[in-house]
1. Each label point is 7 Å from the Cα along the Cα-to-Cβ direction; what then is the distance between the points at Ser268 and Phe32, in nm?
2. Residue by residue through segment 113-125, which ³J(HN,Hα) values in whole Hz follow from phi under the Karplus form 6.51 cos²θ - 1.76 cosθ + 1.60 (θ = phi - 60°), with glycine and proline marked x?
3. Quick one: the Cα spread of the chain along its three principal axes, in angstroms, biggest first?
4. Once you place label points 7 Å from the Cα toward the Cβ at Ala46 and Glu175, how far apart are they in nm?
5. Excluding residues on the same chain fewer than 8 positions from Lys180, give the lysines whose Cα lies under 26 Å from its Cα.
6. Can you give the extra length, in nm with one decimal, that the chain gains between Asn154 and Ser250 once fully stretched, where that is 0.36 nm per residue apart less the Cα-Cα distance?
7. DSSP loop chymotrypsin sites (Phe, Trp or Tyr not before Pro) in segment 15-49 with at most 12 other Cβ atoms within 10 Å of their Cβ, which ones?
8. Rolling a 1.4 angstrom probe over the protein heavy atoms, how many square angstrom per residue are accessible across the chain?
Amino acid sequence: MEDAGLTFSEMIFGKFTERAPRYFQVLFLAFFQLLIKNNKKVSSYADLVGRLKGIGEKINIPEGGRWGAEDRHNEVVRQVAVLEKSFVDLEEGDPTRSRWLTQFEGILTASKTEQAAYDFKIGFIRLNGEDKCDEGSFDKVMETLVAMANNAPNKRGYVIIGVADKDADAARVLELYGVKAIEFANFKITGIDHEQGFVGGNLDKYLMTITNKIKQSGLSEPLKTYAQKNIRLISYYSKHIIVLTSSGQSEVSNFNGNYFVREGNKNSLVDPKSLATFIRAYG
């Protein structure tokens, strides 16, 4: 919707209409089938927007009265067939090929042996009770996305927000917000729900705020656009986690003109004297 600059009704009908609820059900369930059950992802948002424009006139829904489950199922199947050309299977090399919800614990476990591909942050706000964004912490996350991207073209990495890498930080969240971390494999999962305060207590607004901060950041293109498109919000029991994805681009990436590489679970700044050699050797 954001890419198209249209509301749901405007996209599927070309104008505002009150007929939207049942059409929304059909498309929601079609997306659920493609993204969750079929384990796919959007290959082109522009192509998907093209397929969705005017699609409401092609969805068969009775006006008024009851709408049988079988008829709804059949219509969902039809729309899956229409939309699936805008989707592709998740790549075999993607550590999160299976669904995020069921694989989060697998990510935590895998990070023990694939440290360069994963990083964990407790959140984006200062733990001083003021509920203000820590710009330094945000910049470090951007540097990590760059460092992961610069490992190799198409090489993926993941920054997980809502997991404490220090026991002291988890204890501080408990002290300030009364949030008790969930423990798994020596990780303390605090979630980011307690951080909603700095954007007015709204989870959707929190996610949009982080997305906009990435958009306005000094992250180089095309990594900036990739990071915006691939931000995810997942739930783990009663907590919400943000997953930021990095991927090696066709050229080396930078943040505010600085180039980083990933060495184990640490970021290293590329020495300006070695930059030309580093760029030539990339890929």
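The values are calculated or read from the model by the stated rules, or taken from the named source; none is laboratory data. Note that the coordinates shown come from a computational prediction; the quantities given were computed from them, not determined experimentally. For neighbour counting, all protein chains shown are included, and Cβ atoms are generated from backbone atoms with ideal geometry for every residue, glycine included. These accessible areas exclude ligands, DNA and RNA; they are computed on the full protein's heavy atoms, side chains included. Shrake-Rupley method; radii C 1.70, N 1.55, O 1.52, S 1.80 Å.
1. Between Ser268 and Phe32, the simple spin-label model gives 4.8 nm.
2. These are the phi-based 3J(HN,Hα) values: 10, 10, 4, 5, 8, 9, 8, 10, 10, 6, x, 10, 10 Hz.
3. Answer, in whole Å and largest first: 66, 50, 32 Å.
4. About 5.2 nm, to one decimal.
5. Qualifying lysines at Cα under 26 Å: Lys112, Lys121, Lys132, Lys140, Lys166, Lys188, Lys205, Lys239.
6. 33.7 nm
7. Answer in residue order: Phe16.
8. On a per-residue basis, the chain sits at 53 Å².
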